[in-house]
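Asks: I have a structure here, written as structure tokens, and I will follow up with some questions on it.
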Amino acid sequence: TSEASMGRSLWLFGLGCLLPLTSALRTASIVLAEPPQKLAACTVAVAGANGRVGSKVVSTLLRGHPNVRVRALVRSAQEIGSYERLSYESGAEDGRMDLRAAWAIGDDGGFGQTQTIEFDPDVQSGYGLDRLEVRECELRHPPDVSESIAGADCIIFCASTFDERRTRLPERLGGFAAATARFGTNLFELRLPGFGGGRSAEEEAEEEEREASAKGKTADEDGVTLVVEAFEKEMAKRARLAALTGGSAGGAPLPSTQFVLASASQALGYTSGLDGPCETEFGYRKRMGEAALRASGLSSAIVRAAALDEDIGEGLEVQRIAGVIAEDLAGGIDPTGEQAAGKEQDELKDNRISSRDVARALVEALVQGQQGTLEIWTETVPTKKK
């Protein structure tokens, strides 16, 4: 491991068309274990930790589970837009603020930052920031994934290559939010040398390699597959260690569910075409990511969230039903899901849920040991007909 790659681990303070249905409909069973009040000591890796949902998963784990260490995986530690939401949700911006004159000159001779923030123990002591590790990880680049997953006890995967309208995000946002995101992130930079700074020649070469690995791929399918494979290897290594040590690798009992995948309601993966319902790329990628996880030997929960809506409120009761599984609809002929399409499920299209309630449901799936595939929502908002 190079010094540059080690530097990406940063600690804070000590996110096809439908096929005919030729077989009987089967749905996944949802297995619920007796829910413990708090997670035992463990390390949870959160993929997509800067997203709308992932950043809230991080704060939920840190503030609600004092024995848990959270490894927040972000795409870049050099671009402010890659960790701005995580900075806000984790409470890094709630420290003591000192405003400076807007015209103040910085050390480099240019205009300096107009505010500084330092850790405030009276406010932030309960935020769990000492248990948060931020690690740079391109989820479509195998070396990054292997390095970031090593030592993790369980995974909550929230990353996506698609935006809120379920269209592909561009590979590079070219300085997106570079100015507006500056506020608050200086606490990250103050405590973490290297955050927001320039890259060395070695780091530039590594970044080019990452971009080549990621080109044309999605976090929703390729990223999930890589993380699943890396985590399976991690668990197999631990099993061998347990065998060598007489059946126990030591430590407190780990959650019974190893992998929680944030997916999307199957109803969001289809559009109406001339020949009937047609699966979009978004629906296909989500479906294939789910299939990769189901085909693994990991105990897992796949949580399909309804369309995100921040206007309906949060802290609402989460509704859950078993999800339809595409591979089952194909009669088990294609366990990979490549040739299997799901079911449009129009009845789910009007369901809504806030990002914070999705985050809460994902953490609950881990805490309660849920396993299987489920659709979740909190409110139903009928679409206005034109």
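Asks: Name the single residue that is nearest to Asp220 (Cα to Cα) among those in the stretch 35-57 being of a type in the set (Lys, Arg) and in contact with a Leu (Cβ under 9 Å, 6 or more places away or on another chain).
Replies: Going through the qualifying residues, I end up with Arg52.
Asks: Here is a further query. For the stretch 155-178, how many residues are modelled with pLDDT of 85 or more and open to solvent by less than 80 Å² (accessible area, probe 1.4 Å)?
Replies: Here the count works out to 10.
Asks: For the stretch 40-71, enumerate the residues that are part of a loop (DSSP other than H, G, I, E, B) and more than 17 Å from Phe157 (Cβ to Cβ).
Replies: As a first pass, look at the stretch 40-71 and keep what is part of a loop (DSSP other than H, G, I, E, B): 40-41, 48-53, 65-67.
Passing the criteria: Ala40, Ala41, His65, Pro66, Asn67.
Asks: Then there's this: Restricting the search to the stretch 72-88, which residues are open to solvent by less than 20 Å² (accessible area, probe 1.4 Å) and either at pLDDT 85 or above or assigned to a loop (DSSP other than H, G, I, E, B) (or both)?
Replies: Across the stretch 72-88, the qualifying residues are Ala72, Leu73, Val74, Ser76, Ala77, Tyr83, Leu86.
Asks: In the stretch 333-365, what residues are under 26 Å from Val53 (Cα atoms), modelled with pLDDT under 95 and of a type in the set (A, V, I, L, M)?
Replies: Result: Leu348, single match.
Asks: I'd like to know if the stretch 217-237 contains one or more residues that are modelled with pLDDT of 90 or more, of a type outside the set (A, V, I, L, M, F, W, C), open to solvent by 40 Å² or more (accessible area, probe 1.4 Å) and touching a His at 6+ places or on another chain (Cβ under 8 Å).
Replies: no
Asks: OK, next. Please verify whether Glu211 is at pLDDT 95 or above, out of contact with any helix residue (DSSP H, G or I) (no Cβ under 9 Å at 6 or more places or on another chain) and part of a helix (DSSP H, G or I), treating the condition exactly as stated. Please lay out each step first, then the result.
Replies: Details: at pLDDT 95 or above: no; out of contact with any helix residue (DSSP H, G or I) (no Cβ under 9 Å at 6 or more places or on another chain): yes; part of a helix (DSSP H, G or I): yes.
No, not satisfied.
Asks: A follow-up question, please. When you scan the stretch 378-386, do you find a residue that is modelled with pLDDT under 75 and open to solvent by less than 70 Å² (accessible area, probe 1.4 Å), even just one? Working first, answer last.
Replies: The first filter runs over the stretch 378-386 and keeps only residues modelled with pLDDT under 75, leaving 383-386.
Keeping just the survivors that are open to solvent by less than 70 Å² (accessible area, probe 1.4 Å) gives none.
No: zero hits.
Asks: Continuing with the same structure: Of these, Ser248, Ser256, Ser272, which one is at pLDDT 85 or above, open to solvent by 50 Å² or more (accessible area, probe 1.4 Å) and not in a helix (DSSP H, G or I)?
Replies: Numbers: Ser248 fails: at pLDDT 85 or above; Ser272 fails: at pLDDT 85 or above.
Selected residue: Ser256, the only one of Ser248, Ser256, Ser272 that is at pLDDT 85 or above, open to solvent by 50 Å² or more (accessible area, probe 1.4 Å) and not in a helix (DSSP H, G or I).
The values are calculated or read from the model by the stated rules, or taken from the named source; none is laboratory data. Remember, predicted model here, so these are calculated numbers, not experimental data. A quick note on method: Cβ atoms are made from the backbone with ideal geometry, for glycine too, and the neighbour counts reach across all protein chains shown. The area values use the complete protein model at the heavy-atom level, side chains included, leaving out ligands, DNA and RNA. Shrake-Rupley method; radii C 1.70, N 1.55, O 1.52, S 1.80 Å.
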